[in-house]
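Some notes on the structure that comes next.
The values are calculated or read from the model by the stated rules, or taken from the named source; none is laboratory data. Since the model is a prediction, treat every value here as computed from it, not as a measurement. Cβ: placed from backbone, ideal geometry, glycine included. Neighbour counts: every protein chain shown.
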Amino acid sequence: MSERLEESEALDAHTVAHAWSAYDRVKGGADGLNAFLAIDRDASPMVAEGPLHGVPVAVKDNLATLTLPTTCGSRMLEGYVSPFEATAVRRLREAGAVLIGKTNMDEFAMGSSSENSAYGPVRNPLDHSRVPGGSSGGSAAAVAAGIVRIALGSETGGSVRQPAAFCGIVGVKPTYGRVSRYGLVAYASSLDNVGVFGRCVRDAALGLEVIAGPDRFDATCADVPVPPLVPARSGQSRHMPLTGLVIGKPREYFPENLDPRIAVHCERALARLVELGAEVRDVSLPSTDLAVPVYYIIAPAEASSNLARYDGVRYGLRAEAADLGTMYEQTRSRGFGTEVTRRILLGTYVLSAGYYDAYYKRAQAVRALIADEFTRVFATGVHLLFTPTAPSPAFRIGEVSDPYEMYLSDIYTVTANLAGIPAMSQPIGRVDGMPVGGQFMAPHFEEAIMLRAAAALEGALGAEAHQ
Amino acid sequence: MSTPQPGPGTWELVIGLEVHCQLKTRSKIFCGCATSFGDAPNSNTCPVCLGLPGALPVLNAHAVALATRASLALGCTVHDTSVFARKNYFYPDLPKGYQISQFDRPLATNGGLVVGTAADGTPRLIRVHRVHMEEDAGKSVHDRFADVSAIDLNRAGTPLVEIVSEPDIRTAAEAASYARRLKQILEYADVSDANMEEGSLRVDVNISVRRAGDERLGTKTEIKNLNSFSAIERAVAIEFERQCRVLESGGVIEQHTMLYDDKRNQVRSARSKEGSHDYRYFPEPDLPPLRLDAAWVARQREALPELPPARRARFAAQYGLAEAEIDQLLATQALADRFEAVAAAAGEPRKAANWMLGTVLAAVNAAGVAIDAHPVSVERLGALIRLEASGELSNTAARQLFIMLEQHDGEPVEMARAAGLLQVRDDSALVAWIDAVLAEHPAEAARFLGGERKLQGVLVGLVMKKSGGAADPKKVNQLLGARAG
Amino acid sequence: MSVSPDDVRHVARLARLGIDDGRIPALVTELNGILAHMDVLQQVDVSGVPLMPSTAAMPLRDDALPPDALQRDRAAFAPRARDGFFLVPRLATHGQLGASTGDDA
């Protein structure tokens, strides 16, 4: 039974000691949730003060850290301790946060369930027979289990929002370029984002505010200032705080075959938003159903190139052999799991001679079409979009075996990654006792509007969000 | 340079050059590691150039400036937008498993380089197809340890420009000339050391043959491992001969990578398996497109010094020097600069050219110093040349004075006077010597004055001896000649 | 478009994945299943699609700025090293000349 903290409870009330106590109680490691791959019981703040001083945080194991290994959930990097630190991690520590552990994940961030880890699956704290979602399942579980209130994950196709929905917590994907990717082990470079989980909207917003901003080590990190992102506390906000806000409801995200119980929770959330003063408008994003095919060409293609560096030469696993070719092939066949191998094959194929135009180039063109549709909708005076986060609640471990069926669980989340826009998930109800998430999407760099609306909705739903 | 003629039988040689040139930046193209040479293995590395998980490239502004200048110096159009791309392949000296390069949207295209003059007097222009930026790979060493190869990534990430010519070259000599002139331009533009022996300039030759008059290109082979300009010439000649032989006997040319073995003067096939590589190029997602604004590009153009082609034309027009002489003077920027300064100081460009290419170069090479570190300054040499031009110094005397000036500095005319090197040109002194010689050799004098002009040389020699070598032989000739009537 | 076992072997080779032959049939089926879903993209009208909006100019790095130094010695993570070099099984020497030639291993 996870704790449900009052939204107004001060963040620093949850100390490192609380974290360890929760960790031991719920068994955050291999003998329980398997959410953590490595922990540091001696971790303490590196500075005397800061906006996150003394706050325990968990970091997904594909973000480079200096004190604990960075395995990416793979045998390929078993025991590998990075000699440099990810910018996002450094900023957390410089704000006083305490890195208590690295969390489990789908191998190299490829997956939607955290079942693809070389170190065993992660369990959903609300139901241990179910997945927490993926690929950032370990970080989501750590927050949902009450071990930490803020955790870092990563998103390429929904790997923060979908686990947040499955675990009943908040998960934020910033605008592509809002947070430096330096130190985030690359899966698909044009789609990867560092994302933040929080117990509540304000926790996630604070985490994002700390890590966001320009970085000279990432050429895709935008040189735009970070505005204040943490919404005011709901008790202080005025009556009808969302007056003037126009929320689009894209019909393609509410198809006929959407689970009606999820649809009902979405309608309830929208009704609360209207009560808060927002206007809800029907909109259309016609290319939505092209998003999964587009994603599953572009992401594996980039991944096939990004994972070429795992060759046993300079770091990580090496299978010693008498000749180089054998060393490469045995290192990579031993180091990579099934899903990673499948995606590298797919990605190599769609980039290969004769297929580049038909697959990769065409997918990028359709991607531009998808992105353009968002731009057009936002240009009509719509400030935010609201949709379900995932088509189902958390499924059982081992239940989904067909790869493409697994890919379809990203159907509502991949569009934001393709367009580069910010998006977030927050709990809006339960189905069969398992959490369901509602998703906001915003124009580029408009995280503040999104977080404000999310905080207002969170306050308005109250306990309903978990019912 | 004469118009290239087809080779053995009726075969025409078709050559294109691909040149990789290291840019002289302080740091690497995508990270802040030093590009310095000769340091301990892997001591100039960081997460980026090691290809560690999570590392990202960030482009060096100075590399862009130098690449732009190189492109402008070759007369290329520099594009306001160019795109980096990944070239994917596996090799231990390639840390990321891909090289960041440029593919279908390079930095610059459509330039050219003149390698000489055709028989009809028109310039022999070799077109430059493209110039693009990319990162260098590391180095592997095979003989240091038993059974293993040793990888050093210090060089990985050094900024390169790749300069690709059209297959316009028709002779081995032209190929070497293209490489030499390319090096000159890159040196003048101050973008690279462009040294083949040191590896900052690497030349690969693509070579094919076809029947003279045929428009289509034959199958080409690629020759690598050329470490000098003369190696280029030798390798091309060997491969041309081989291809002609194969085709004459009815065989076909297979697309091979070849290596030049300098020690044995052989071109042999590399042992790699053939078939074209599938590099799976795609735009580099970690780098947005490079956008250059026109004003910035214009500033790079202004920053270029006068480049060899323009300098060559000016030397011909301003100094009236022959092409061969100009070629030699332009061999290095330092030599060309020194020559112009000396020519200005002396007011005698042709003599200055002779002096620079003869005595001065010999002296500089013998002393092993840089040309502008030579002890005889521009002013002193200029004064010396003026003395020679005016006839006050014979050429022999001038060279003696030069050596004296190398030992210790001084006012040339004073030193020459003190050493008795100045030629006497004063008529009265010369007439006195002439009269004395004629008096001392009455028989010869009579025959000479009677019309035997061939005795003039003997008499001049006697006057020179009488004057102890100080007489100006030209003037003596003149005066004696006038006596003969 | 569909993928044959030889295609999969070729692609596996390109990616140095060392897949053993027994797994090929299953991979062929999986990949064809996935690729079948991509066919819908062939029918999309992409004419008139605006290019992805260009963001600000590419940020360039000052030549004089230092690198992000390694906080840990290479020896700590190198699988096999000696005298500062990374060691690999002996390569054919031709590959060493100048820049790497690629696909030689």
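Give me a count of the residues in region B:436-454 that are assigned to a helix (DSSP H, G or I) and more than 55 Å from the chain's Cα centre (by Cα).
11
Taking B:L125, is it out of contact with any helix residue (DSSP H, G or I) (no Cβ under 8 Å at 6 or more places or on another chain) and assigned to a strand (DSSP E or B)?
yes
May I ask you to list the residues in region B:208-229 that are surrounded by 13 or more Cβ atoms within 10 Å (Cβ to Cβ) and either of a type in the set (D, E) or closer than 24 Å to B:Q22 by Cα (or both)?
Selection gives B:D214, B:E222, B:I223, B:K224, B:N225, B:L226, B:N227, B:S228, B:F229.
Of everything in region B:222-231, what is within 14 Å of another protein chain (Cβ to nearest Cβ) and either farther than 16 Å from B:A194 by Cβ or hydrophobic (A, V, I, L, M, F, W, C) (or both)? Give them in sequence order.
Answer for region B:222-231, where residues must be within 14 Å of another protein chain (Cβ to nearest Cβ) and either farther than 16 Å from B:A194 by Cβ or hydrophobic (A, V, I, L, M, F, W, C) (or both): B:E222, B:I223, B:K224, B:N225, B:L226, B:A231.
Out of curiosity, is B:T81 more than 14 Å from chain A (Cβ to nearest Cβ) and surrounded by fewer than 18 Cβ atoms within 10 Å (Cβ to Cβ)?
yes
Let me confirm something: among C:G18, C:G95, which residue is modelled with pLDDT under 80, crowded, with 17+ Cβ neighbours inside 10 Å and within 24 Å of the chain's Cα centre (by Cα)?
Testing whether each residue is modelled with pLDDT under 80, crowded, with 17+ Cβ neighbours inside 10 Å and within 24 Å of the chain's Cα centre (by Cα) leaves just C:G95.
Of the residues A:A118, A:A38, A:A88, which single one is touching a residue at least 60 places away in the same chain (Cβ under 8 Å) and either within 18 Å of A:C167 (Cα to Cα) or assigned to a strand (DSSP E or B) (or both)?
Only one candidate passes the filter, namely A:A38.
As an exercise: evaluate B:H277 against (1) free of Cβ contacts under 8 Å to residues at least 60 places away in the same chain; (2) assigned by TED's automatic domain parsing to the domain that holds B:T68; (3) not acidic (D, E) and give the number of the one condition it does not meet.
(1)
Regarding A:G146, is this residue within 14 Å of chain B (Cβ to nearest Cβ), at positive phi and in contact (Cβ under 8 Å) with a residue 12 or more places away in the chain?
No; evaluated as a whole, the condition is false for this residue.
Please go through (1) under 27 Å from B:L182 (Cβ atoms); (2) among the small types (G, A, S); (3) not in a helix (DSSP H, G or I) for B:G410 and return the number of the only condition it doesn't satisfy.
Here B:G410 meets the rest and fails (1).
Does B:G54 satisfy being more than 14 Å from every other protein chain (Cβ to nearest Cβ) and of a type outside the set (V, I, T)?
Answer is no for this residue.
Among the residues of region A:204-227 satisfying the criterion of being at pLDDT 95 or above and closer than 14 Å to C:L60 by Cβ, which is surrounded by the fewest Cβ atoms within 10 Å (Cβ to Cβ)?
Applying the filter and picking the extreme gives A:P214.
If a residue must be of a type outside the set (S, T, Y) and within 14 Å of chain C (Cβ to nearest Cβ), how many such residues does region B:113-148 contain?
Matching residues across region B:113-148 total 15.
Out of the residues in region A:331-358 that are outside any helix (DSSP H, G or I) and within 24 Å of C:V46 (Cβ to Cβ), state the one that is farthest from the other protein chains (Cβ to nearest Cβ).
A:G354
Which of the helices (runs of 4 or more DSSP H) contained wholly in region A:386-467 include at least 1 residues that are within 14 Å of another protein chain (Cβ to nearest Cβ)?
A:403-407, A:414-419
Of all the residues that make up region B:379-391, how many are of a type outside the set (A, V, I, L, M) and buried (at least 20 other Cβ atoms within 10 Å of the Cβ)?
Within region B:379-391, residues that are of a type outside the set (A, V, I, L, M) and buried (at least 20 other Cβ atoms within 10 Å of the Cβ) number 3.
Tell me, please, whether a residue that is in a helix (DSSP H, G or I) and β-branched (V, I, T) can be found in region B:218-228.
no
Please note which helices (runs of 4 or more DSSP H) are completely contained in region B:321-401 and include at least 1 residues that are modelled with pLDDT of 90 or more and among the basic types (K, R).
By residue number, B:333-346, B:349-355, B:378-390.
Is at least one residue of region B:134-153 free of Cβ contacts under 8 Å to residues at least 12 places away in the same chain, in the same structural domain as B:T25 (by TED's automatic domain parsing), among the acidic types (D, E) and surrounded by fewer than 20 Cβ atoms within 10 Å (Cβ to Cβ)?
yes
Could you say which residue among A:Y328, A:Y315, A:Y295, A:Y310 is away from chain B (no Cβ under 12 Å), buried (at least 20 other Cβ atoms within 10 Å of the Cβ) and closer than 30 Å to A:Y119 by Cβ?
Result: A:Y295 is the single residue among A:Y328, A:Y315, A:Y295, A:Y310 that is away from chain B (no Cβ under 12 Å), buried (at least 20 other Cβ atoms within 10 Å of the Cβ) and closer than 30 Å to A:Y119 by Cβ.
I'd like to verify a number: residues in region B:21-47 that are outside any loop (DSSP other than H, G, I, E, B) and at the interface with another protein chain (Cβ under 7 Å from one of its Cβ atoms), how many?
2
Search region B:107-123 for residues being farther than 16 Å from B:R312 by Cα and without any contact (Cβ under 8 Å) to a residue 40 or more places away in the chain, and hand back the single one that is surrounded by the fewest Cβ atoms within 10 Å (Cβ to Cβ).
Of everything passing the filter in region B:107-123, B:N110 is surrounded by the fewest Cβ atoms within 10 Å (Cβ to Cβ).
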